[in-house]
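Notes for the one structure printed next.
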Amino acid sequence: MKITVATTGLKVAPFLVIGSGIAGLYTALKLAEIAEVTLVTKETLKESNTTYAQGGVAVALSASDSPDLHYTDTIKAGAGLCLPAAVDVLVNEGPERVKELLAMGVPFDTEAGALVTTREAAHSRPRVLHADGDATGREISKTLVKLVQTNPQITVMENHYAVALLTGAEGCYGVLTLDENQNQTCLLAQATILATGGCGQLYLNTTNPEVATGDGVALAFHAGAPVADLEFVQFHPTALRLPDTPCFLITEAVRGEGGILRNAHEDRFMPSYHHQAELAPRDVVARSVLLEMLKTGNDHVYLDLSLLGPELIKHRFPNIYETCLSYGLDITKAPIPVAPAAHYMMGGVATDLYGRTGVPHLFACGEVANSGVHGANRLASNSLLDGLVFGHRILTYLQTHQLSFTQLPAELEATFSAETNPAQVTADRLTLQQLASTELGIIRQENGLCQAQHYLTATDLKQVPTLTPDYLELQNLRLFAQLLVTAACARQESRGSHYRLDYPDPNPAWTKRIIQSPQGTSTIPVEQPFTWRW
Ligand SMILES: Cc1cc2nc3c(=O)[nH]c(=O)nc-3n(C[C@H](O)[C@H](O)[C@H](O)COP(=O)(O)OP(=O)(O)OC[C@H]3O[C@@H](n4cnc5c(N)ncnc54)[C@H](O)[C@@H]3O)c2cc1C
């Protein structure tokens, strides 16, 4: 659905950032070094996936490590679909960005003055920095939020939901927002940066908070920007599974420190699935856990921490220990019931290596973006680093390219989905989540994908419905699901996090990426970066 908005009396600011996770906060701080920034976020500044990140930031800083080793591990996890040039940027620029975080005051854990590193799944070296044990995201967010709030160059607009990007002849001019009193505001900028995170809320069980509803992919797609790799959804193998208890992540680092997975019969099962056992890549562990659950007829397996001992558990994982205790589970005494949960979207808005999207004046970074760095499966703890590195690259681009519009049109277009009855938002969201969990989850096949496709067929409303964040989020989740289904149907193979029961093996002919835009679906060779003519 398309509406037009008048631009009379509106000012064009230099920079507009949408989202306040690591990518949005950090990029806003960097851009504020060169001009004024408006930062818009749909809830409070601290509400984001970032705040819940536990394990840490993967970066090759120690003497026993190198960017080359980090590169090899990332490429291997990506199952043949990483863009090598993007990985090169990530691992080589990562160390500088993390040193910057340290200088900004993020309290990464140290021992005798040296940074402490953990080894996580599919990493060949211990290289994951953490803060307050298992509260890395909270500490990063706290530090960056404080800096943003005290930066005179940054105007913060909390509780402003981005409804649609404003587009016209020269690309993206800004965003239309909705505040908690349903007031609409148009914000214009020379450069708009999307940093709206992922889409875990498409699924019933997810580690992501309520704000992760795929809004950024929908905003960009409606504005005409291509999106890529939407079939690749990472499921975390170990989220707490207790009755009537929120889905809570049990970080990979617990397995890194010696946690063992056991099925309902208390048998250790991972060595029979993969030579790296509990430290196999995430997709392998998630699938193995699901298969063991199906085999034993249980909705969970167990994470046994008895090798760690109570002191290490409390010292290294204070957040997990306290949270489980608050749910009546003492993890120093009993194993943790766990099951897989939707965790991270590898797919997103296609960007070049400077965060530019297919729409002029529109940039994207963080989980919403797809530079090709994660391929078919993200290496654990690479995403916080991704937000920093590619956020910084947007600064590099804007420092050297003065963006401006030749003319501001009298009217701009705002396009968004309006496909379902506004009166049924809650019920429709639940139905969609149930469908996604069964048919678009860890194991997929033709029949289920077709069923999902059928359910997602749009009924176009003829009139603009009352716009509320709940309604718009449902429409965005639906669009994300439609794009996911299209890509998952097309990819008739299994690779990385995309597993098809009817095509269980990788097919070399599919060593290419699926890209979708309002103009249609196509593929591009893996080694080819996205390039745009602006
Ligand atoms: C439980 C958990 C643990 C994790 N652990 C790790 C880890 O240890 N290491 C690691 O590297 N990664 C980890 N991840 C992944 C990582 O946290 C995320 O990929 C990363 O934080 C994404 O950052 P971001 O800034 O791109 O998005 P987010 O942090 O999700 O921020 C997105 C922001 O956009 C805002 N927003 C969204 N839609 C709109 C809209 N329509 N209008 C306005 N604002 C909007 C949101 O409110 C939010 O502020 C974890 C994720 C989870 C959920």
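The values are calculated or read from the model by the stated rules, or taken from the named source; none is laboratory data. Quick caveat, the model's predicted, so the values are computed rather than measured. Note that we place each Cβ from the backbone using ideal geometry, even for glycine, and neighbour counts take in every protein chain shown. These area figures cover heavy atoms from the full protein model, side chains too; ligands, DNA and RNA do not enter into them. Shrake-Rupley method; radii C 1.70, N 1.55, O 1.52, S 1.80 Å.
Which one is surrounded by the fewest Cβ atoms within 10 Å (Cβ to Cβ) among residues in region 125-173 that are among the small types (G, A, S) and near the ligand (Cβ under 9 Å from one of its atoms)? First the steps, then the outcome.
Within region 125-173, the first condition is being among the small types (G, A, S), and the residues that meet it are 131, 133, 135, 137, 141, 162, 164, 168-169, 171.
Still in the list and also near the ligand (Cβ under 9 Å from one of its atoms): 137, 141, 162.
Details: G137: 23, S141: 25, A162: 27.
Among them, the one singled out is G137.
Kindly state which helices (runs of 4 or more DSSP H) lie completely within region 37-124 and contain at least 2 residues that are in the same structural domain as G387 (by TED's automatic domain parsing), free of Cβ contacts under 8 Å to residues at least 40 places away in the same chain and more than 16 Å from the ligand (Cβ to nearest atom).
Working: elements: 49-52, 67-77, 84-104.
Filter on region 37-124 gives 67-77, 84-104.
Please tell me if R393 is in contact (Cβ under 8 Å) with a residue 24 or more places away in the chain, touching an Asp or Glu at 6+ places or on another chain (Cβ under 9 Å), within 16 Å of the ligand (Cβ to nearest atom) and open to solvent by 20 Å² or more (accessible area, probe 1.4 Å).
Yes: the conditions hold for R393.
Conditions first: (1) within 12 Å of the ligand (Cβ to nearest atom); (2) in a strand (DSSP E or B); (3) not aliphatic (A, V, I, L, M). C186 passes all but one, so which condition is the exception?
Every listed condition holds for C186 apart from (1).
T351 - would you say it is at pLDDT 95 or above and within 14 Å of the ligand (Cβ to nearest atom)? It would help to see each step written out before you state the result.
On the way: at pLDDT 95 or above: yes; within 14 Å of the ligand (Cβ to nearest atom): yes.
When the stated conditions are applied, T351 passes them.
Just to be sure before I move on: is L178 aliphatic (A, V, I, L, M), assigned by TED's automatic domain parsing to the domain that holds L305 and either on the phi > 0 side of the Ramachandran plot or more than 17 Å from the chain's Cα centre (by Cα) (or both) in the structure I sent?
So L178 does not fit the description; no.
Within region 398-435, how many residues turn out to be in a helix (DSSP H, G or I) and either within 26 Å of T207 (Cβ to Cβ) or open to solvent by less than 20 Å² (accessible area, probe 1.4 Å) (or both)? Show your work before the answer.
Start the filter on region 398-435 by keeping residues that are in a helix (DSSP H, G or I), which leaves 398-400, 422-435.
Narrowing the set further to residues that are either within 26 Å of T207 (Cβ to Cβ) or open to solvent by less than 20 Å² (accessible area, probe 1.4 Å) (or both) leaves 398, 425-435.
Going through region 398-435 one residue at a time, the tally reaches 12.
Taking only region 189-233 into account, find how many residues are away from the ligand (no atom under 14 Å from the Cβ) and either farther than 23 Å from T7 by Cβ or open to solvent by 10 Å² or more (accessible area, probe 1.4 Å) (or both).
Total meeting the criteria: 9.
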